[in-house]
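Some notes on the structure that comes next.
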Amino acid sequence: MMKAVHFGAGNIGRGFIGQLLFHSGFELIFADVNKDIIDLLKRSGSYHIHYAEEPQRSEEISGYTGLHSLEEKEALEKELADADIITTAVGAPVLKHIAPAIAEGLRRRLNSKKPAAVIACENAVNGTDQLKSHIEAFFSEDEWKTITSFVSFPNAAVDRIVPVQSLENPLDVLVEPFYEWTIDRTGFVGDIPAIKEAHYVDNLDAYIERKLFTVNTGHAAAAYYGYEKGYKTVQEAMADEKIRIDLKQVLQETGDLLIEKYGFDVQEHEAYIDTTLSRFQNPMLTDQITRVARQPLKKLGAGERLISPALQLLSQGKEAPGLTGVIASALRYDEDSDEEAVQLQKLLHKHPIKEALHQITGLPANHLLHQKIAAVFSS
């Protein structure tokens with residue numbers, strides 16, 4: 001039986017990545033620093049994944065083990081030395097903290113050269129590259145050359161909404177039915193692991209931007225529009241016809257960009273947009289607007305979900321009124337409990353809008369996009 005070690009026994013780990021590894025027949029080891037979760041996994045024989053849909057259904061996940069990443073370091077490194085696949089769902093900032101254990105596990109196979117694939121399944125662009133750089137620091141140049149001759153480090157993109165949980169069994173997970181685990185086929189140096197429900201592609205960047213500029217852009221837009229109207233959840237906002245119309249325009253703009261840039265099929269992408277909108281409307285999910293809209297300064301970065309597609313459309317000589325409107329709404333986000341929102345409002349109070357945008361995006365104050373945003377924001 002093939003073996004998988006997965007870092008991160010949280011809701012995404014148990015309710016998404018672990019689920020697909022289980023479906024593919026891997027012997028599954030969860031590693032985490034959360035002692036309560038690991039102890040529960042050790043004591044339990046199974047847990048259930050519940051789907052946010054009607055009619056309600058669930059499935060049982062079993063046959064796993066759990067290891068505490070720090071207290072059972074030796075046992076974990078032994079499993080890592082024998083694993084066929086090593087995956088993560090810990091959050092990008094935590095990758096550097098799990099790198100030493102993975103490095104030691106890989107070091108133990110320098111003689112055997114047993115193949116493995118290391119895949120970071122994070123909400124970050126090229127997360128595996130980030131993890132790989134942390135792991136590389138533990139090896140000499142010659143050792144690393146050997147390691148990368150039999151260990152693969154493919155990047156991946158993941159997409160599944162897992163809401164705030166309120167289930168009786170703390171191991172059970174409520175998830176939306178939709179999921180997508182896309183893996184870069186070109187990142188493998190040997191055989192590709194048989195993860196049945198993963199989607200292997202040769203152009204991962206296209207799928208990363210498709211998700212970023214459709215799901216992430218759309219989610220943020222629904223949240224900022226909804227906040228301005230006083231709604232508390234994305235689902236409440238999506239019940240507003242005007243918000244749905246405005247949101248559809250935004251996603252048609254990003255869709256035009258993606259179709260021209262990557263050659264996505266027009267009808268298939270339109271179906272992807274419709275699926276995305278239906279996901280946001282799922283009445284069995286509860287997405288708090290303050291959670292989705294949080295960190296507006298990050299979301300307004302030049303390479304992020306709002307500014308980047310607008311910039312690219314302008315560079316193609318196209319207008320982006322929908323995106324410009326969302327950006328203006330994001331600038332009005334003044335949630336007191338959000339540190340970045342407070343910083344944003346102080347910046348806007350202290351500086352003229354174009355100068356504030358310059359400080360947020362790094363683009364020249366008089367950039368064409370800033371001019372368009374300023375016109376909408378001031379109207």
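The values are calculated or read from the model by the stated rules, or taken from the named source; none is laboratory data. Since we're looking at a predicted model, the values are computed, not measured. Cβ: placed from backbone, ideal geometry, glycine included. Neighbour counts: every protein chain shown. Surface areas here come from the heavy atoms of the whole protein model, side chains and all, with no ligands, DNA or RNA. Shrake-Rupley method; radii C 1.70, N 1.55, O 1.52, S 1.80 Å.
Quick notes on this one:
- Counted as qualifying within the stretch 132-242 are the helices (runs of 4 or more DSSP H) with 2 or more residues that are farther than 30 Å from G322 by Cβ, namely 141-150.
- Residue in the stretch 158-181 that is over 30 Å from T290 (Cα atoms) and touching a helix residue (DSSP H, G or I) at 6+ places or on another chain (Cβ under 8 Å) present: no
- Subset of the stretch 345-379 that is assigned to a loop (DSSP other than H, G, I, E, B) and in contact (Cβ under 8 Å) with a residue 24 or more places away in the chain - its residue that is farthest from the chain's Cα centre (by Cα): S378
- Residues in the stretch 1-18 that are open to solvent by less than 10 Å² (accessible area, probe 1.4 Å) and free of Cβ contacts under 8 Å to residues at least 60 places away in the same chain: A9, G18.
- Residues being within 24 Å of the chain's Cα centre (by Cα) and within 21 Å of E180 (Cα to Cα) - total across the stretch 31-58: 7
- Test for V342: is it surrounded by fewer than 20 Cβ atoms within 10 Å (Cβ to Cβ), under 15 Å from A330 (Cα atoms) and touching a residue at least 40 places away in the same chain (Cβ under 8 Å): no
- Within the stretch 281-292, the set of residues being closer than 25 Å to A356 by Cβ and in contact with an Asp or Glu (Cβ under 7 Å, 6 or more places away or on another chain) comprises just one member, T290.
- A Cβ distance below 7 Å, combined with a sequence gap of six or more or placement on separate chains, defines the contacts here; from the stretch 44-62, residues that are part of a loop (DSSP other than H, G, I, E, B) reach residues that are open to solvent by less than 50 Å² (accessible area, probe 1.4 Å) and of a type in the set (A, V, I, L, M) in the pairs S44/L171; A52/L174; A52/V175; A52/L285.
- Residues that are polar (S, T, N, Q), open to solvent by 30 Å² or more (accessible area, probe 1.4 Å) and over 25 Å from the mean Cα position of the chain (by Cα) do not occur anywhere in the stretch 318-339.
- E319 being under 24 Å from Q359 (Cα atoms) and out of contact with any Gly (no Cβ under 8 Å at 6 or more places or on another chain): yes
- Criterion: closer than 27 Å to Q345 by Cα, aromatic (F, W, Y) and surrounded by 22 or more Cβ atoms within 10 Å (Cβ to Cβ) - qualifying residue of Y224, Y231: Y224
- Residues in the stretch 82-109 that are over 14 Å from S152 (Cα atoms), among the hydrophobic types (A, V, I, L, M, F, W, C) and modelled with pLDDT of 95 or more were compared, and the one that is nearest to the chain's Cα centre (by Cα) is A89.
- The single condition from (1) open to solvent by 20 Å² or more (accessible area, probe 1.4 Å); (2) touching a helix residue (DSSP H, G or I) at 6+ places or on another chain (Cβ under 9 Å) that I147 fails is (1).
- The lone exception for T65 - which of (1) modelled with pLDDT of 95 or more; (2) under 30 Å from V215 (Cβ atoms); (3) polar (S, T, N, Q) it fails: (2)
- Test: L311 is among the hydrophobic types (A, V, I, L, M, F, W, C) and either touching a Pro at 6+ places or on another chain (Cβ under 7 Å) or open to solvent by 10 Å² or more (accessible area, probe 1.4 Å) (or both): yes
- Meets criteria (surrounded by fewer than 23 Cβ atoms within 10 Å (Cβ to Cβ), modelled with pLDDT under 95 and hydroxyl-bearing (S, T, Y)) for S166: yes
- Residue, least open to solvent (accessible area, probe 1.4 Å), within the stretch 105-144, restricted to residues that are touching a helix residue (DSSP H, G or I) at 6+ places or on another chain (Cβ under 8 Å) and of a type in the set (K, R): R109
- Counting only residues that are in a helix (DSSP H, G or I) and of a type in the set (G, A, S), the stretch 85-131 holds 6 of them.
- The residues of the stretch 65-83 that are open to solvent by 30 Å² or more (accessible area, probe 1.4 Å) and touching a residue at least 40 places away in the same chain (Cβ under 8 Å), listed by number, are E79, D82.
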